[in-house]
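A quick write-up on the structure given underneath.
The values are calculated or read from the model by the stated rules, or taken from the named source; none is laboratory data. Bear in mind that the values here come from a model prediction, so they are computed numbers and not experimental data. Here the Cβ is made from the backbone with ideal geometry for all residues, glycine too, and neighbour counts use every protein chain on show.
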Amino acid sequence: MDVFKIFARKVVEAVEAAGREGQLPDGMDAKGIVAEPPRDPSHGDIATNAAMVLARQAKMKPRDIAEILTARLAADASVEHCDIAGPGFINLKIAPSVWQNVVSEIIEAGADFGDADSGQSTPINVEYVSANPTGPLHVGHVRGAVYGDALANLLAKAGYDVCREYYINDAGAQIDVLAKSTYLRYREALGHDIGDIPEGLYPGDYLIAVGKQIASEDGERWLDVDEADWLATFRQKAANAMMALIREDLETLGIRQETFSSELALHRDGRVQQAVDWLADRDLVYTGVLEPPKGKKPDDWEPRPQLLFKATQFGDDVDRPLKKSDGTWTYFAADIAYHFDKFQRGYPNMIDVLGADHGGYVKRMKAAVKAITDSSGELDARICQLVNLMDQGQPVKMSKRAGSFVTLRDVVDEVGRDVVRFIMLTRKNEAPLDFDFAKVTEQSRDNPVFYVQYAHARTRSVIMRNAPPALPGVDLSDAALSGADLTLLNDENELSLIRNMASWPRIVESAADAHEPHRIAFYLYDLASDFHGLWNKGKEDPSLRFIVEGNEALSLARIAMVRALGLVIASGLAVLGVEPAEEMR
């Protein structure tokens, strides 16, 4: 049940009726009409822009249209009062019964409350993390991992058919470096003194176990052979070991991606050539000479013919090279092939979650996706900015195990998965985020994850611990609570809380449309604040307590409201990938 959609439909029906009866032009396009909470709660419960949207089509003043519509809407039994504000906005005050019924709707729907159908089962591919398989995930990967996973959860709740994908960059020079680094650890495992790790190789201790495993499996087989003979084997074994490590790291965050695509496989199977051939068949590839990059002096630039993709034809700043000077494919060519593969698998709509250093790559990939989908598909590239890791305001030192960075596991082990996931979603992905170990674990209103979890734990306390002894023998099941006399919930503070709960389906849909899961964290914090405020009012005024001595009917109604609140919070936390707290310790 989405109250705001129901009233948007009522407004559209009023427009249609006025059109049939000649008060307004008949058959007007009502697509832009919305019903939403007004910015100022004193203006009412629901505001609609209908008169503003229709003014140009109707060739009428917005206020004149608003007067026609308010007269019709005021006749609805669920509308207590209508107002016209400003140039023609319509504000509605809704009957309490509408909000009271929301409580039973939430309890009956359970975890499904808030599910939307705006996605209409549309396939969408969300690719996130996609770190080079050269070591454990570090704190810089955490934000993109959490953002991508929460976005996938959000899209699924909004009705999309979501594919969660990881792209393995296992074909570049960095894998050769990984193989050579692993070979040193292999020699070390066989008792050879390798000295200091040479500059340019990976020094982390995480490769020691890989070297030992290869030594255990192959013995001294690779000791006295040329690099060309062992390199491919070490590339494969080391990359496989690192991907196993990365999967374990992601598991600590509760992330399980069902699809893993390999860059190496794209090259091996000839799919890069196939994608370029597809573009060539449509005259989107040519041999040409690019202008020198900005900032380079002419004597630094050696113009040469290159195979180029007509990126400018699809909104990019320049055409892009597909081959390097040695004749091998560029990373961009492989990325085109990868997104072409996604399209061929049935995903014209794609979301790539990228690190802060990929901003300059967005335009070319958007252009490529337009080209390879014949403009039927779309790529939304979401950049996740850096995380500043601190403890009591001081930068956190590097991890010895990793060699040069703080690992994902370091962070999760320190504060727990749920804290990491929630805090990573307390800022929009494009804004830098400060993660202070001291602040994210303090028990205060300033710590959003504690504040929301505390609200959920309080709902469980009311139902599981406080209500049974106060109401012995009373049925407190969901079925019984949904049938409570909810007309008793008429205090303005209670109705305000319920109105906020009723916004949950609308929040899901709008956050999914915008690809902004941080909106869920913000909503949960506001909802928790309303609940804590009501809890504190009960401390001051016994008549506002959730369990009122001597008044079983009112107590049941308020317990039902608390149960509904707990379900909405749990539903929101599920989108964020956070387990709701049953109690706080």
Those residues of the range 443-484 which are farther than 27 Å from residue 576 by Cα and of a type in the set (A, V, I, L, M, F, W, C), in sequence order
467, 470, 471, 474, 476, 479, 480, 481, 484
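In the range 501-527, how many residues are closer than 14 Å to residue 565 by Cα and buried (at least 20 other Cβ atoms within 10 Å of the Cβ)?
As a first pass, look at the range 501-527 and keep what is closer than 14 Å to residue 565 by Cα: 501-505, 523-527.
Then keep just the ones that are buried (at least 20 other Cβ atoms within 10 Å of the Cβ); that gives 501-505, 523-524, 527.
Residues that pass the stated criteria total 8.
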Quick one: is residue 204 more than 17 Å from residue 131 (Cα to Cα), in contact with a Lys or Arg (Cβ under 8 Å, 6 or more places away or on another chain) and surrounded by 19 or more Cβ atoms within 10 Å (Cβ to Cβ)?
no
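Please find, among 116, 58, the residue that is within 27 Å of the chain's Cα centre (by Cα) and small (Gly, Ala, Ser).
On the way: 58 fails: within 27 Å of the chain's Cα centre (by Cα).
That would be 116, the only listed residue that is within 27 Å of the chain's Cα centre (by Cα) and small (Gly, Ala, Ser).
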Tell me the residue from 152, 131, 116 that is within 23 Å of residue 334 (Cβ to Cβ) and among the hydrophobic types (A, V, I, L, M, F, W, C), please.
131
Any hit, the range 245-265, residues being in contact with a Cys (Cβ under 8 Å, 6 or more places away or on another chain) and surrounded by fewer than 17 Cβ atoms within 10 Å (Cβ to Cβ):
yes
The one condition residue 477 fails out of (1) exposed (fewer than 13 other Cβ atoms within 10 Å of the Cβ); (2) at pLDDT below 95; (3) not hydrophobic (A, V, I, L, M, F, W, C) is (2)
Taking the residues in the range 526-585 that are among the β-branched types (Val, Ile, Thr) and over 35 Å from the mean Cα position of the chain (by Cα) as candidates, determine which candidate is nearest to residue 257 (Cα to Cα).
547
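Take the residues of the range 24-42 that are assigned to a loop (DSSP other than H, G, I, E, B) and of a type in the set (D, E, K, R): which is farthest from residue 497 (Cα to Cα)?
Just the residues of the range 24-42 that are assigned to a loop (DSSP other than H, G, I, E, B), to begin with: 24-34, 37-40.
If we keep only those that are of a type in the set (D, E, K, R) as well, we get 26, 29, 31, 39-40.
Working: 26: 39, 29: 35, 31: 30, 39: 16, 40: 15 Å.
So, considering only residues that are assigned to a loop (DSSP other than H, G, I, E, B) and of a type in the set (D, E, K, R), the one farthest from residue 497 (Cα to Cα) is 26.
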Farther than 30 Å from residue 148 by Cα and either among the polar types (S, T, N, Q) or modelled with pLDDT of 95 or more (or both): which single residue out of 572, 550, 533 fits that description?
533
List the number of the failed condition for residue 426; all other conditions in (1) surrounded by fewer than 20 Cβ atoms within 10 Å (Cβ to Cβ); (2) touching a Leu at 6+ places or on another chain (Cβ under 7 Å) hold.
(2)
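Being touching a Lys or Arg at 6+ places or on another chain (Cβ under 7 Å) and either surrounded by fewer than 22 Cβ atoms within 10 Å (Cβ to Cβ) or modelled with pLDDT of 95 or more (or both) narrows it down to one residue among 146, 129, 162, 177; which is it? Give the steps one after another, and end with the answer.
Values: 129 fails: touching a Lys or Arg at 6+ places or on another chain (Cβ under 7 Å); 162 fails: touching a Lys or Arg at 6+ places or on another chain (Cβ under 7 Å); 177 fails: touching a Lys or Arg at 6+ places or on another chain (Cβ under 7 Å).
None of the other options fit; the residue is 146.
Please go through the range 43-57 and give me each residue that is in a helix (DSSP H, G or I), in contact with a helix residue (DSSP H, G or I) (Cβ under 6 Å, 6 or more places away or on another chain) and buried (at least 20 other Cβ atoms within 10 Å of the Cβ), ordered by number.
Going residue by residue through the range 43-57, those that are in a helix (DSSP H, G or I) are 43, 50-57.
Of the ones still in play, those that are also in contact with a helix residue (DSSP H, G or I) (Cβ under 6 Å, 6 or more places away or on another chain) are 50-52, 54-55.
Correct list: 50, 51, 54.
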Do any residues in the range 212-229 that are under 13 Å from residue 184 (Cα atoms) have Cβ atoms under 6 Å from those of residues that are among the aliphatic types (A, V, I, L, M) and in a loop (DSSP other than H, G, I, E, B), where the two are at least six apart or on different chains, and which pairs are they?
215/190
Here are 410, 436: which of them is over 30 Å from residue 337 (Cβ atoms), out of contact with any Gly (no Cβ under 8 Å at 6 or more places or on another chain) and surrounded by 16 or more Cβ atoms within 10 Å (Cβ to Cβ)?
410
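Is the range 350-370 home to any residue that is in a loop (DSSP other than H, G, I, E, B) and either assigned by TED's automatic domain parsing to the domain that holds residue 198 or within 29 Å of residue 453 (Cβ to Cβ) (or both)?
No: the range 350-370 contains no residue that is in a loop (DSSP other than H, G, I, E, B) and either assigned by TED's automatic domain parsing to the domain that holds residue 198 or within 29 Å of residue 453 (Cβ to Cβ) (or both).
Going by what's in this entry, would residue 459 be described as touching a Phe, Trp or Tyr at 6+ places or on another chain (Cβ under 7 Å) and over 15 Å from residue 143 (Cβ atoms)?
Here the answer is no, as residue 459 does not meet what is asked.
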Residues that are crowded, with 16+ Cβ neighbours inside 10 Å, assigned to a loop (DSSP other than H, G, I, E, B) and at pLDDT 95 or above: does the range 451-467 have at least one?
no
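A quick yes/no check of all residues on (1) more than 14 Å from residue 333 (Cβ to Cβ); (2) part of a helix (DSSP H, G or I); (3) without any contact (Cβ under 8 Å) to a residue 12 or more places away in the chain:
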{"site": "241", "(1), (2), (3)": "yes, yes, no"}
{"site": "254", "(1), (2), (3)": "yes, no, no"}
{"site": "267", "(1), (2), (3)": "no, yes, no"}
{"site": "278", "(1), (2), (3)": "no, yes, no"}
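Step by step: first the residues of the range 383-419, then only those that are of a type in the set (Val, Ile, Thr) and part of a strand (DSSP E or B), then the one that is modelled with the lowest pLDDT. Which residue is that?
Of the range 383-419, the ones of a type in the set (Val, Ile, Thr) are 383, 387, 396, 406-407, 411-412, 415, 419.
Restricting the remaining residues to those that are part of a strand (DSSP E or B) gives 383, 387, 407.
Numbers: 383: 97, 387: 92, 407: 88.
Across the range 383-419, the extreme among qualifying residues is 407.
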Here are some residues: 553, 574, 564, 557. Which one is surrounded by fewer than 22 Cβ atoms within 10 Å (Cβ to Cβ), out of contact with any Lys or Arg (no Cβ under 9 Å at 6 or more places or on another chain), in a helix (DSSP H, G or I) and not acidic (Asp, Glu)?
553
How many residues are within 16 Å of residue 46 (Cβ to Cβ), at pLDDT 95 or above and either among the acidic types (Asp, Glu) or not in a helix (DSSP H, G or I) (or both) when one looks only at the range 85-121?
6
Sort out which residues of the range 302-320 are over 22 Å from residue 359 (Cβ atoms) and loosely packed, with under 13 Cβ neighbours inside 10 Å, and write them in order of number.
302, 303, 304, 305
Where residues in the range 92-120 are under 24 Å from residue 574 (Cβ atoms) and hydroxyl-bearing (Ser, Thr, Tyr), which of them is surrounded by the most Cβ atoms within 10 Å (Cβ to Cβ)?
104
